[in-house]
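Read the structure below first, then the notes.
The values are calculated or read from the model by the stated rules, or taken from the named source; none is laboratory data. Bear in mind that the values here come from a model prediction, so they are computed numbers and not experimental data. As a convention, Cβ positions derive from the backbone with ideal geometry for all residues, glycine included, and neighbour counts pool all protein chains shown.
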């Protein structure tokens, strides 16, 4: 199984990008709400990629020795310290470009994921929880332009499920 590092970055950089820019480099901050500390479900490919990253990280830790910084981060420098957010942004942009993706910011991935989840038929309540919004109304307000298109698609699918009689009385 081939593991695409871009897939891993798209799913796992959330925590690292929660840093603030500061004069001394990357500073970590507490999440806005307790709900932000929730566990994020990952697919099997991302989990396999994360295991590879953690194995490499353990090897770096052993090679570096006692000075290795253990802050619990997923993506770190060889000494275990955090990357500066500007580096993470730059690295992401290069990887996205190399993968042939359109330009998008890391924060834009959040909106893209929500829009794709809604387009795939995910319930707005589920999407709201994934985004850790404090209410479904916030999600509905943000994605209001997407919802009418999805409603039209759902209506068409519902109509397609209704059996109809043809001209001679046979169900179509």
### Task
Examine the stretch 62-78 for a residue that is within 23 Å of the chain's Cα centre (by Cα), surrounded by 11 or more Cβ atoms within 10 Å (Cβ to Cβ) and not in a loop (DSSP other than H, G, I, E, B), and state whether such a residue exists.
yes
### Query
Would a scan of the stretch 135-147 turn up a residue that is touching a helix residue (DSSP H, G or I) at 6+ places or on another chain (Cβ under 7 Å), surrounded by 14 or more Cβ atoms within 10 Å (Cβ to Cβ) and under 21 Å from residue 41 (Cα atoms)?
yes
### Message
With the requirement that a residue be over 26 Å from residue 156 (Cβ atoms) and either part of a helix (DSSP H, G or I) or under 11 Å from the mean Cα position of the chain (by Cα) (or both), what does the stretch 98-131 give you?
### Response
98, 106, 107, 108, 109, 110, 129, 131
### Message
Can you tell me which residue is modelled with the highest pLDDT among those in the stretch 28-53 that are exposed (fewer than 11 other Cβ atoms within 10 Å of the Cβ) and over 19 Å from residue 133 (Cα atoms)?
### Response
44
### Task
Using the structure shown, decide if residue 109 is modelled with pLDDT under 85, under 29 Å from residue 142 (Cβ atoms) and touching a strand residue (DSSP E or B) at 6+ places or on another chain (Cβ under 8 Å).
no
### Query
Give me the pairs: first residue in the stretch 134-159 and over 20 Å from residue 110 (Cα atoms), second residue at pLDDT below 90, beta-carbon distance under 8 Å, and six or more apart or on different chains, which are they?
154/121
